[in-house]
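The values are calculated or read from the model by the stated rules, or taken from the named source; none is laboratory data. No experiment lies behind these values; they were computed from the predicted model shown. Methodologically, a virtual Cβ is constructed for each residue, glycine included, from the backbone with ideal geometry; neighbour enumeration extends over all protein chains shown.
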């Protein structure tokens with residue numbers, strides 16, 4: 001019972017860290033990266049589809065991303081979605097591919113991105129703590145029902161606390177890496 005609860009909490013916390021890291025990849029660092037636009041929703045024949053399903057991506061230069069639609073008929077829809085996104089990029093369309101030039105980030109913009117990433121990291125920490133709270137409730141309920149002893153509950157809570165600390169440290173390390181990457185000129 002205790003092992004199942006702790007394993008479940010460990011798995012959920014691991015997924016929370018993965019989610020935070022995936023969110024971090026969507027934050028611009030001044031270099032072209034397909035992960036910035038691949039999840040962008042494009043209206044394609046009346047349905048919203050991720051850009052990843054409609055096009056392939058290339059990075060010919062550090063600050064340029066080339067989006068090549070699989071269907072040339074979708075190029076205007078893709079261009080419209082890129083213009084309306086909050087990335088602050090202006091796409092240039094030559095009828096075959098869309099080129100996105102990534103301007104160098106200003107110091108002010110870098111600091112704004114650090115704030116965004118900091119909020120994402122805090123959301124990740126809150127998620128981890130809520131997973132800990134849920135696991136603790138399960139353990140306390142099992143102890144009240146007589147399934148586990150008070151000593152077992154205390155040991156499990158210590159393990160859960162250690163797991164939580166380790167996971168929060170992983171989120172903090174990921175945040176520190178992303179912050180370093182953002183502030184790098």
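List of remarks:
- Among the residues listed as 139, 160, 182, the single one being in contact (Cβ under 8 Å) with a residue 12 or more places away in the chain, over 22 Å from residue 50 (Cα atoms), more than 25 Å from the chain's Cα centre (by Cα) and surrounded by 13 or more Cβ atoms within 10 Å (Cβ to Cβ): 139
- Within the stretch 26-80, being within 23 Å of residue 177 (Cα to Cα) and free of Cβ contacts under 8 Å to residues at least 12 places away in the same chain holds for one residue alone: 35.
- Looking only at the stretch 15-37, residues that are closer than 17 Å to residue 63 by Cβ, within 11 Å of the chain's Cα centre (by Cα) and assigned to a loop (DSSP other than H, G, I, E, B) come to 1 in all.
- Only one entry in 177, 155 is under 27 Å from the mean Cα position of the chain (by Cα), surrounded by fewer than 18 Cβ atoms within 10 Å (Cβ to Cβ) and assigned by TED's automatic domain parsing to the domain that holds residue 19, namely 177.
- For the stretch 66-185, the helices (runs of 4 or more DSSP H) that sit wholly inside it and include 3 or more residues that are within 18 Å of residue 9 (Cα to Cα) are 107-144, 150-183.
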